[in-house]
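Take a look at the structure below.
A short reminder: the numbers here are calculations on the coordinates, not readings from a lab. Not measured: the values here are computed from a predicted model. Heads up, the Cβs are rebuilt from the backbone with ideal geometry, glycines too, and the neighbour counts pull from every protein chain shown.
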Amino acid sequence: MSSDIDELIEKYRQARGGLIPLLQETQELKGFLSRETLEKIASGMNLSLAKVVGVATFYHQFHLEPRGKYIIRVCMGTACHVRGAADILAAMEKELGVRVGDTTPDLTFTLEQVACLGACGLAPVIMINEDTHGKLTPDQVPEILAKYRQKTAVIH
């Protein structure tokens, strides 16, 4: 996999503004940007580590820690908030045993809260990767998560 990163560095080394697409493709390849990876990119691009880390931490799209296979986004927009999104979020935290922004130790789930998912008619709503789940109640959370846990168990 290291040679893949070397190839990406070579692809973007001379490109003006190449750091961001390099970080994007590297993260897609590895799942997140480890310190070791950032050091390799800095060296390969002839940039300071501070510059590379600065870019990676400035943009929300980059992740410096491993993330779960399933990214759970809980909408906290106005419609969702009014219809109980905080209770959905609390149920998620309880069921997963993690807080917002954290990933389960088995790397199955990462829990995030977002300002709006644009599905106000389904409030309260969550997205798990590309799947939308709407008109939720806290008691539905364990069943929804169980389906994704089952998918993961079948894969292993």
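So the values come out like this:
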| item | result |
| --- | --- |
| Label selected from [x] 1.14; [y] 0.93; [z] 1.07, the criterion being Rg/Rh (Cα atoms, Kirkwood Rh) as computed here | [z] |
| Between helix 141-155 and the chain: long-axis angle, C-alpha atoms, 0 to 90°, nearest 10 | 50 degrees |
| At R0 = 35 Å, FRET efficiency that the Cβ-Cβ distance of Y59 and E93 yields, to 0.05 | 0.85 |
| Förster radius 30 Å - calculated FRET efficiency between N46 and I71, Cβ distance, rounded to 0.05 | 0.35 |
| For segment 2-58: relative contact order, % (alpha-carbon pairs under 8 angstrom, 6 or more apart) | 31 percent |
| Distant-in-sequence amide H partners of F109 (H built 1.01 Å from N, under 5 Å) | K69, Y70, T104 |
| Antiparallel bridges, percent of DSSP beta bridges restricted to the chain (to nearest 5) | 55 percent |
| Binned Cα-Cα distance frequencies in segment 69-156 - 5 Å width, integer % | 3, 16, 29, 27, 16, 7, 2, 0 |
| Model label zone, D131; criterion: amide N under 11 Å from point 7 Å along Cα-to-beta-carbon; scope segment 54-92 | 70-71 |
| Computed [θ] at 222 nm, helices only, for the chain once each DSSP H run of length n ≥ 4 contributes -39500 (n - 2.57) | -14500 deg cm²/dmol |
| Label point at K151 placed 7 Å out along Cα→Cβ; residues across segment 48-78 whose backbone nitrogen lies under 11 Å | 69-72 |
| Relative contact order (%) - criterion: Cα under 8 Å, at least six apart; region: the chain | 19 percent |
| Shape box of segment 2-58 [Cα atoms, principal axes, largest first, Å] | 24, 23, 16 |
